[in-house]
Amino acid sequence: MDSTKRTREHTRRSLFSLLIALAMLLAGCAVQPVAAPETEGTAPTAAEAAPADSQGFPRTITDGLGNEVTIPQKPQRIVSLTLATDEILLSLVDTARVRGVTYLAGDSMWTNVSELARQVEHTVQSDPEQIIALEPDLVLAATYNNPDHVKLLRDAGIPVVVVALFDSVGRVADNIRFVAHLTGDEARAEELISAMEKRLADIEAQVAKAETKPRVLFYTAFGSSAGKGSTFSDIVQRAGGINLGDEALDSPFGEISLEKIVELNPDVIITDEFAPEDNAKWQENFSNHPALANVNAKKNGRIHTVPARHISTVSHYIVEGVYDMARILHPDLVE
């Protein structure tokens, strides 16, 4: 396998394990997880700070790792190190204020803001020197970014804020509000959240009319699935289904065998949009595998693919994943 294919396969594995369960991150940045504090399940908060200007800056916040970070003034040169913050940031602020986004941000397979991302001059990976050279006044990182890289950026005097990642649709609003507090764009954040929550309520009202809840299983080209505590599980529940991964796995994500799929006998199988080689061929081979011949999903023609950018995001675009799933599970009810 050449270096490009190795890079794409590594990226895909990282994206599934982190984004299906929590969020989508640049694989190159996830060199070594940062130990999270005991309060990781709670949203980052704004610390007490007296505003010095009409826009409320400087602002001192407590980030997702419990670190206090002061942002001297409204950021105008922001760098994002995760696809989740790429999506939130580019939906909140003018692209002129964004100095750099992740190198996958312009790829429409992985992100819902690819066109906006292509307007940003720089793409970044995990190289602190590259990021420092951009002279950012705010860097958005994740709890699993390389801690040594984060330290180097902070030692250079750059405000680095670690955004905590959440495992449910409902907590997406927390991250949107938090990022907006960092950038000074609270009003825009409330617009995004309001639109997201209205659409979610509309979808849930439609699927609430269903008499049954289809039993759903997610399966990837790597033999992985999503269990309890993953965003996928929450998506399925909100779309009017039951995620079989909740009973099949002891963690938010993990491997699952074909034999286990047969045992679970799902009504619907959701396949991954990505395979390391030829995705179309993998989809065909999986769908026609003899082991699945008597599985309900196969017999009833209910093996489907959902766009990766919808099902693995932890920004407000997660509502698109709920809609996709609801349309698959209840096509007669969801408009």
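The values are calculated or read from the model by the stated rules, or taken from the named source; none is laboratory data. All values derive from a computational prediction rather than experimental measurement. All Cβ positions, glycine included, derive from the backbone under ideal geometry; neighbour counts span all protein chains shown. What goes into the accessible areas is simple: the full protein's heavy atoms, side chains included, and nothing from ligands, DNA or RNA. Shrake-Rupley method; radii C 1.70, N 1.55, O 1.52, S 1.80 Å.
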Q. Going by the structure shown, is L90 assigned to a helix (DSSP H, G or I), in contact (Cβ under 8 Å) with a residue 12 or more places away in the chain, in contact with a strand residue (DSSP E or B) (Cβ under 9 Å, 6 or more places away or on another chain) and not β-branched (V, I, T)?
A. yes
Q) Looking at (1) at pLDDT 95 or above; (2) farther than 30 Å from I61 by Cβ; (3) within 18 Å of the chain's Cα centre (by Cα), which is the one condition that is false for R177? A) (2)
Q | Among the candidates A133, A96, A156, A117, residue that is crowded, with 20+ Cβ neighbours inside 10 Å and of a type in the set (G, A, S) | A | A117
Q | Residues satisfying the stated conditions in segment 311-322, i.e. closer than 14 Å to S233 by Cα and either surrounded by fewer than 24 Cβ atoms within 10 Å (Cβ to Cβ) or free of Cβ contacts under 8 Å to residues at least 40 places away in the same chain (or both) | A | V319
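Residue by residue, here is whether (1) under 26 Å from the mean Cα position of the chain (by Cα); (2) at pLDDT below 95; (3) over 30 Å from S80 (Cβ atoms); (4) among the hydrophobic types (A, V, I, L, M, F, W, C) holds:
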position	(1), (2), (3), (4)
A275	yes, yes, no, yes
P290	no, no, yes, no
K298	no, no, yes, no
A308	yes, yes, no, yes
I311	yes, yes, no, yes
V319	yes, no, no, yes
Q) Quick check: is even one residue across segment 25-48 at pLDDT 50 or above and not in a loop (DSSP other than H, G, I, E, B)? A) yes
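Yes/no matrix, rows are residues, columns are (1) of a type in the set (K, R); (2) in contact with a Gly (Cβ under 6 Å, 6 or more places away or on another chain); (3) surrounded by fewer than 17 Cβ atoms within 10 Å (Cβ to Cβ):
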residue: T212; (1), (2), (3): no, no, yes
residue: T220; (1), (2), (3): no, no, no
residue: S224; (1), (2), (3): no, no, no
residue: S233; (1), (2), (3): no, no, no
residue: R238; (1), (2), (3): yes, no, no
residue: I242; (1), (2), (3): no, no, no
residue: G245; (1), (2), (3): no, yes, no
residue: I256; (1), (2), (3): no, no, no
residue: T271; (1), (2), (3): no, no, no
Q. Does G301 satisfy the condition of being open to solvent by 20 Å² or more (accessible area, probe 1.4 Å) and not in a helix (DSSP H, G or I)?
A. yes
Q: Kindly provide the set of residues from segment 193-210 that are of a type in the set (A, V, I, L, M, F, W, C) and open to solvent by 20 Å² or more (accessible area, probe 1.4 Å), ordered by number.
A: A195, A201, A205, A208, A210
Q: Give segment 222-239 a look and list any residue that's part of a loop (DSSP other than H, G, I, E, B) and either aromatic (F, W, Y) or within 19 Å of the chain's Cα centre (by Cα) (or both), or say none.
A: F222, G227, K228, G229, S230, A239
